[in-house]
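Read the figures in this text as sums done on the coordinates, not as results from a lab. Because the structure is a prediction, the values reported are computed rather than measured. We place every Cβ from the backbone using ideal geometry, glycine too, and count neighbours over all the protein chains shown.
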Amino acid sequence: MFSAELNLVKTEMQTITNMLQASEEDMIDLKQGMQAQAESLQHLQTLHSQLTTRVDLLEDK
């Protein structure tokens, strides 16, 4: 009886460990995705600034 309960607890602990590992992997993926989004946003902001400068220069001519 005790052995069966112990095995059940070990199985549940392994399930929780697997879920934690999957959550950690998901967090890493999310972090990488957020970093890519931040880089994309920075690039778009740079392009916007460059285009704004060009428009200003063309309007001044």
Point to revise | Nitroxide proxy distance, nm - points 7 Å out along Cα→Cβ at ASP26 and ASN7 | key: 3.1 nm
**Study point:** Point-to-point label distance, LEU41-ASP56, nm (Cα→Cβ direction, 7 Å offset)
**Key:** 2.3 nm
Review point. If you take the Cα Rg of the chain and divide it by 2.2 N^0.38 Å, with N the number of residues, what do you get?
Key: 2.51
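Where does the chain land at 222 nm, in deg cm²/dmol rounded to the nearest 500, when only DSSP H runs of n ≥ 4 count, each adding -39500 (n - 2.57), divided by all residues?
Numbers: 1 runs with 59 residues, N = 61.
Value at 222 nm, helices only: -36500 deg cm²/dmol.
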